[in-house]
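Notes to accompany the following structure.
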Amino acid sequence: MNVFIISQSSNLLKFSKVWKLVVFLWGLFLLIGVLATINSPDPVRSLLGQSTAKDGLLYWGLITIFMLSNALVLKLKPEVGKQQLQGLLIGGVILASSIFPQVFNWHIDYTVTSGQLFKSHILQSAIYREQQPIGLYSHRGFSSFTLAAIAIIALAGRRSSWVNARFAQVTLILIIPALLLTQTRAGLLAFVVGGGYLLGKKHYKLILTGAIACILTISLLSTARNIENHSIINQITSDRTYLWKISTTRIKMRPFGWGFDGFEIAYPHLPDGTIKTLPTTATKAHNLFIDSALSVGIIGLGVYLGLISLCLWCVVKSPYRDIGAVAIAYLIFTFTWYECAQYTHIFWWALSFFGYEKVNHGDFISNQSSVTRFGSMDSRVRSWISRAKAAIFK
């Protein structure tokens, strides 16, 4: 869809220096990813990604196209941004609505084997009773970030009058309880930090109250997930520090990366040259920086962080700075989680607003010239469809 919109107005495109710099950084990141994939012990996995995360080289190529094309579309036709935002809110309502039935009946997983048991506490879909509710995703953590991000989008839309106030309120009324029910600490913390960024210093009392409530909730959840013979830090991080220690040794072994999905590829390879035969209990290192360094190496991590920093800086300095709260929430979330094709596109959607620094629009609503340029697009599409139908029937 983005490519179609761009093709209809390619003569109007003017590529800014920032956009060209973002293209260069994406190209450099993908080049490093290609080299890491070629040199990977498991190049096929690096290409396709892990079975549920799917964040392989192919995925990053698609994300690059999506992010760059969406930035151009938002610049050419700003009203599309408002429609995308509203679509995300509708998706959030659907996701939140899918959470509540699972609270009362953990057998529901919305798959073809929904309700069928493999064991007394495991579904045929391999979802454990303790992992519910998962919503429409394969893990409740994935649902938690998506709910947190869309709650922030609802707040941003409400603040800037991009969406109907009542619609935003209904969205929040559904999403916030669903977010709490996922019992995911990182998602809750991401929502509080992103919401705090949106509200600013003027509402410091509300932010402080939310932060205290978040700390208490995280403390309760950490206590409920007691891990025997582990320190308080390991309790809070669910023993992620162990994964981080393993990862640092593997990064030293291959500072230029193991290929995408680096942790699972690197895990069996021990520093002494032997290979473990037992599978790992984790598929990721659960940290954005460590997982990226494992996948594309130290240089690749530097390029990736530079790309994120540039885009985020441009977004927060633009008239649409509120959208930057989604990206900030994502960075908070991925400090103890990881990137995944099930939700990472929401992060890059938010960063695709980086091109607005040169656009003089007070809202997503475009000026008259933009309306004139694109007002006839629907009629042209309808005309093409009519001619195609006539040709087929003839």
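What chymotrypsin sites (Phe, Trp or Tyr not before Pro) in the stretch 100-176 are in a loop by DSSP, with at most 13 other Cβ atoms within 10 Å of the Cβ? Taking the stretch 100-176 and a limit of 13 other Cβ atoms within 10 Å, the loop chymotrypsin sites (Phe, Trp or Tyr not before Pro) found are Tyr110. All alpha carbon pair distances within the stretch 286-355 were sorted into 5 Å bins beginning at 0; the resulting P(r) in whole percents reads 3, 18, 25, 26, 18, 7, 2, 0. Among the protein heavy atoms, those of His121 account for about 70 Å² of accessible surface (1.4 Å probe, every chain in place). Sorting Lys284, Lys17 by accessible area puts them as Lys17, Lys284; the probe is 1.4 Å, largest comes first, and only protein heavy atoms count. Shown in residue order for the stretch 329-334 are the 3J(HN,Hα) couplings computed by the Karplus curve 6.51 cos²θ - 1.76 cosθ + 1.60 at θ = phi - 60°: 4, 5, 5, 5, 4, 7 Hz (x for Gly and Pro).
The values are calculated or read from the model by the stated rules, or taken from the named source; none is laboratory data. Small disclaimer: the values here were computed from a predicted structure and weren't measured. Positions of Cβ are backbone-derived with ideal geometry, glycine not excepted, and every protein chain shown enters the neighbour counts. Only protein heavy atoms, including side chains, enter the accessible area calculation; ligands, DNA and RNA are left aside. Shrake-Rupley method; radii C 1.70, N 1.55, O 1.52, S 1.80 Å.
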